[in-house]
Amino acid sequence: MPQLCEGLVYVDEHLLVLDKPAGLLAVPGRGEDKQDCLSARAQALWPDARVVHRLDMATSGLFLMARGLHVQRLLSRAFEQREVEKQYLAVVHGQLGAVGSEGRIDLPLGADWPNRPLQKVDLEQGRPSSTRWRMLGQEADRTRVALEPLTGRTHQLRVHLQAIGHPILGDPLYAPPEVQALAARLLLHASALAFRHPASGERLALESAAPF
């Protein structure tokens, strides 16, 4: 378990925050070959650790777990009521705005049933979904952006950026082959979490530098 300890960002008797590497499941998947995951590794060290949110397997970054059922309920409610501030960093294809510019993507999302687990923009039956973006830097064919999901839909950031013509580099699900080939992994990282501590009520802000 030394790799997990190296990924430990914060721990106390109420919660823990881990830095998930890309390519590792956050929670168990279907099948015996998908039981190794970050939450299971954490529970081997902290048996009371409980899941309160998820990250895509391809996404790296901050992963929050509660310690005990009561704290799990409190933190889950905080996520549901959008009291947890989340920021992601991504590198997208093309030039998205000018340096320092920002915007908001409001496109309803729903399951692409014939192609599960893919999601899609669904203007008729999709659930309301919103993402704020802020441009951080730019090169010839790519833009580094900070992303704030205001809702928590499956694959929201990946689908929203693809829908406006700027898929995330390395995305095996939503980027065209030439954009997927520009990076060895999905360039999406959960870089910041901020929320009120469930016991003390004090604001806890945590950060993780993107590994790309």
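Here's a check for you: in segment 174-196, which residue that is outside any loop (DSSP other than H, G, I, E, B) and under 18 Å from the mean Cα position of the chain (by Cα) is surrounded by the most Cβ atoms within 10 Å (Cβ to Cβ)?
Residue satisfying both the conditions and the ranking: Leu188.
Residues checked against (1) touching a Pro at 6+ places or on another chain (Cβ under 6 Å); (2) in the same structural domain as Arg73 (by TED's automatic domain parsing); (3) among the hydrophobic types (A, V, I, L, M, F, W, C); (4) assigned to a loop (DSSP other than H, G, I, E, B):
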residue: Pro172; (1), (2), (3), (4): no, no, no, yes
residue: Pro198; (1), (2), (3), (4): no, no, no, yes
residue: Leu206; (1), (2), (3), (4): no, no, yes, no
residue: Ala209; (1), (2), (3), (4): no, no, yes, yes
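Okay, residues lined up against (1) at pLDDT 95 or above; (2) part of a loop (DSSP other than H, G, I, E, B); (3) under 18 Å from Ala210 (Cα atoms):
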{"site": "Asp19", "(1), (2), (3)": "yes, no, yes"}
{"site": "Gly23", "(1), (2), (3)": "yes, yes, yes"}
{"site": "Pro28", "(1), (2), (3)": "no, yes, no"}
{"site": "Gln43", "(1), (2), (3)": "yes, no, no"}
{"site": "Pro47", "(1), (2), (3)": "yes, yes, no"}
{"site": "Arg50", "(1), (2), (3)": "yes, no, no"}
{"site": "Leu55", "(1), (2), (3)": "yes, yes, yes"}
{"site": "Gly61", "(1), (2), (3)": "yes, no, yes"}
{"site": "Ala66", "(1), (2), (3)": "yes, no, no"}
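Take Leu62 and decide whether it is surrounded by 16 or more Cβ atoms within 10 Å (Cβ to Cβ), within 17 Å of the chain's Cα centre (by Cα) and not assigned by TED's automatic domain parsing to the domain that holds Gly170.
Yes; evaluated as a whole, the condition is true for this residue.
Checking each residue in segment 156-190 for being among the aliphatic types (A, V, I, L, M) and under 22 Å from Ser208 (Cβ atoms) picks out Leu157, Leu161, Ile168, Leu169, Ala183, Ala184, Leu186, Leu187, Leu188, Ala190.
The values are calculated or read from the model by the stated rules, or taken from the named source; none is laboratory data. Keep in mind it's a predicted model, so treat the numbers as computed, not measured. Neighbour counts are summed over all protein chains in view; Cβ atoms, including those assigned to glycine, are modelled from backbone coordinates with ideal geometry.
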